[in-house]
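Enquirer: Sharing a structure with you now.
The values are calculated or read from the model by the stated rules, or taken from the named source; none is laboratory data. Just so we're clear, the structure is a prediction, and the values are computed from it rather than from any experiment. When we count neighbours, we look across all protein chains shown, and the Cβ atoms used for this are built from the backbone with ideal geometry, even at glycine. These accessible areas exclude ligands, DNA and RNA; they are computed on the full protein's heavy atoms, side chains included. Shrake-Rupley method; radii C 1.70, N 1.55, O 1.52, S 1.80 Å.
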Amino acid sequence: QVQLVESGGGLVQPGGSLRLSCSASVTLFSFVAMGWYRQAPGKQRELVAGISNSGSATYADGVKGRFTISRENAKKTVYLEMNSLKPEDTAVYYCNAQSRGNALWSWGQGTQVTVSS
């Protein structure tokens, strides 16, 4: 059973930065595409950034130029660097393996990001 553990969230002022981390307890981590999703109160979970097993990244329009996804296969970890944060980025952030945006594994507990002055 795959276990995903997200960390790095917190309370930050608008314009601030955070770096999220997600570790996966899975042998074949380096072979799967990963993604960061978020779910704001009252909204559906959405994919905000994806990274292929070779490191190619894609981003949702609302975070392009502000968020950077990366991965470190030796540590079975995926990161999300978030800069110029806005109040609308407030959400619980999750990582997961993904195929064409569809999550493949059970969800972890997520990490709360709150952007507020």
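Enquirer: Six or more apart or on different chains, Cβ atoms under 9 Å: show the pairs whose first residue is in the stretch 6-20 and without any contact (Cβ under 8 Å) to a residue 12 or more places away in the chain and whose second is assigned to a strand (DSSP E or B) and of a type in the set (D, E, K, R).
Expert: Sorted first by the residue in the stretch 6-20, then by its partner, the list stays empty.
Enquirer: Just to be sure before I move on: is A74 of a type in the set (A, V, I, L, M) and open to solvent by 40 Å² or more (accessible area, probe 1.4 Å) in the structure I sent?
Expert: So A74 fits the description; yes.
Enquirer: Among the residues of the stretch 80-101, is any surrounded by fewer than 17 Cβ atoms within 10 Å (Cβ to Cβ), modelled with pLDDT under 95 and part of a strand (DSSP E or B)?
Expert: Yes, there is a match, as at least one residue in the stretch 80-101 is surrounded by fewer than 17 Cβ atoms within 10 Å (Cβ to Cβ), modelled with pLDDT under 95 and part of a strand (DSSP E or B).
Results for (1) over 26 Å from S117 (Cβ atoms); (2) aliphatic (A, V, I, L, M); (3) in contact with a Cys (Cβ under 8 Å, 6 or more places away or on another chain), shown as yes or no for each residue.
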residue	(1), (2), (3)
Q1	yes, no, no
D61	no, no, no
N73	yes, no, no
M82	no, yes, no
T90	no, no, no
